[in-house]
1. If you go through the stretch 35-55 one residue at a time, do you hit one that is buried (at least 19 other Cβ atoms within 10 Å of the Cβ) and over 20 Å from Leu197 (Cβ atoms)?
2. Restricting to the stretch 149-186, and then to whatever is out of contact with any Asp or Glu (no Cβ under 8 Å at 6 or more places or on another chain) and of a type in the set (A, V, I, L, M), can you tell me which residue is modelled with the lowest pLDDT?
3. Which of the residues belonging to the stretch 147-173 are assigned to a strand (DSSP E or B) and over 15 Å from His189 (Cα atoms)?
4. Need pairs with beta-carbon distance below 8 Å; first residue free of Cβ contacts under 8 Å to residues at least 40 places away in the same chain and of a type in the set (D, E, K, R) and within the stretch 97-108, second surrounded by fewer than 19 Cβ atoms within 10 Å (Cβ to Cβ) and part of a loop (DSSP other than H, G, I, E, B); sequence gap 6+ or separate chains.
5. Which condition breaks for Ile132 when tested against (1) touching an Asp or Glu at 6+ places or on another chain (Cβ under 8 Å); (2) not in a strand (DSSP E or B)?
6. Out of the residues in the stretch 105-128 that are basic (Lys, Arg) and under 20 Å from His189 (Cβ atoms), state the one that is surrounded by the fewest Cβ atoms within 10 Å (Cβ to Cβ).
7. Pick out, from the stretch 1-91, the strands (runs of 3 or more DSSP E) lying fully within it that include 1 or more residues that are at pLDDT 90 or above and among the charged types (D, E, K, R).
8. Look through Gly154, Gly102, Gly171, Gly138 and report the one residue that is within 23 Å of Asp43 (Cα to Cα) and exposed (fewer than 15 other Cβ atoms within 10 Å of the Cβ).
Amino acid sequence: MKIVFATNNSHKLAEVSAILGPGWELVTPASLGITEDIPETGDTLEDNALQKARYLYERINGERSDGVTESVVGVPTFADDTGLEVAALGGAPGVRSARYAGDRHDFDDNNRLLLRNLEGAADRSARFRTVIALIIDGREHLFEGRVEGRIVDGYRGTEGFGYDPIFAPAGSTATFAEMPPEEKNAMSHRARAVEKLARFLKINYEL
């Protein structure tokens, strides 16, 4: 089935596509001729996911649909927002995870700043949390996935993206970046949220 995903991030697209498996076609904003930045100015992950999903849904189905290069009326639209919540930092970076070190969304800068802010901290526990907002038939639904873990002392591994090189999930000595994609996708926060999304669609809409 076809479903519109409010991202043009190639890493995220590949990860979500692998989790959903065959039979799902992820449609991106860029493929529809939507090239403007999708706003995400909320105070929580839930706010941001809903804001992005609503923007794209209205852009496709509303008065601003002119210029959309493909008819996707009636196709479900979803967006996600993910945050890394570190206990010793009071839950930061949280909703600002992508912009922790500034608005450039630079992964390396974010990781270096986080490691610097955790220097000397005895408690390095953290969790990843993903919230997905789905709009289908004009109705909104939220799905959450989370994984507990810890921040390691330095960069480890070359897979994944974002904070993956410095986050090790509970029960594992490897960071997400040291795992092959299929291993990470079997336990990740995003996988758990996407699986809830897919299960909801299959059960309620026979998709």
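1. No, that holds for no residue.
2. Per the criteria, the residue is Ala186.
3. Here is the first cut: in the stretch 147-173, the residues assigned to a strand (DSSP E or B) are 147-151, 167-169.
Selection gives Ile151 alone.
4. Taking only residues 6 or more apart or on different chains, the pairs are Arg99/His105.
5. Exception for Ile132: condition (2).
6. Per the stated criteria, the residue is Arg124.
7. Details: elements: 2-5, 25-27, 77-86.
Those strands (runs of 3 or more DSSP E) span 77-86.
8. The match here is Gly102.
The values are calculated or read from the model by the stated rules, or taken from the named source; none is laboratory data. These numbers come from a predicted model, not from an experiment. Positions of Cβ are backbone-derived with ideal geometry, glycine not excepted, and every protein chain shown enters the neighbour counts.
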